[in-house]
Amino acid sequence: MDPAPLHLPRLAAATPDTWVTLPAGGLPFVQRALHLTRRLPAQTAHPAGEWLLCLTGDVVVDLPAGQWARLRAGETLHLPPAVTWQALPAQAEAVLLRTTPA
């Protein structure tokens, strides 16, 4: 029997502003989904770096030294190792997928 697909925006919407860890199944990375409705408190990227993917909406990612990036649905951003970052929805809400090494 094939596994059922996960609808990530719906899964993340069940617990707004809280990272939801997806089943890993022994993969070399961990993925978390987030339904973002307000500014996310400061996060620290994995020591090996990580990726953010905007699944829905529009997000501004605040980075150190006044840098920032805007992600629209379907756009991704590589975060350098151990960088501190914050995110806020540019619209009412957005869904992010965070991928880190396991």
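A few points about this structure:
- Environment charge at residue 8 (Cβ cut-off 12 Å; Lys +1, Arg +1, Asp -1, Glu -1): +3
- Close amide H pairs (under 5 Å, H built 1.01 Å from N) link residue 83 with 45, residues at least 5 positions away or on another chain.
- Whole-Hz Karplus values for the range 60-72 come out as 9, 9, 7, 10, x, 6, x, 7, 7, 9, 10, 10, 9 Hz, taken residue by residue from phi with 6.51 cos²θ - 1.76 cosθ + 1.60 and θ = phi - 60°; glycine and proline positions read x.
- Computed helical MRE - 222 nm, the chain, DSSP H runs ≥ 4 contributing -39500 (n - 2.57), nearest 500: -1500 deg cm²/dmol
- The residues neighbouring residue 17, those whose beta-carbon lies less than 10 Å from its own, together hold a net charge of +1 under the Lys/Arg +1, Asp/Glu -1 convention.
- At q = 0.12, 0.15, 0.23 Å⁻¹, base-10 log of I(q)/I(0) for the range 8-101 (Debye sum, equal scatterers on each alpha carbon): -0.32, -0.51, -1.23
- Inter-label distance for residue 19 and residue 83, nm, one decimal - labels placed 7 Å from Cα along Cα-to-Cβ: 1.6
Values quoted throughout were computed directly from the atomic coordinates according to the rules given, and no laboratory measurement underlies them. A quick note: this is a predicted structure, and the numbers were derived from the prediction, not measured. Cβ: placed from backbone, ideal geometry, glycine included. Neighbour counts: every protein chain shown.
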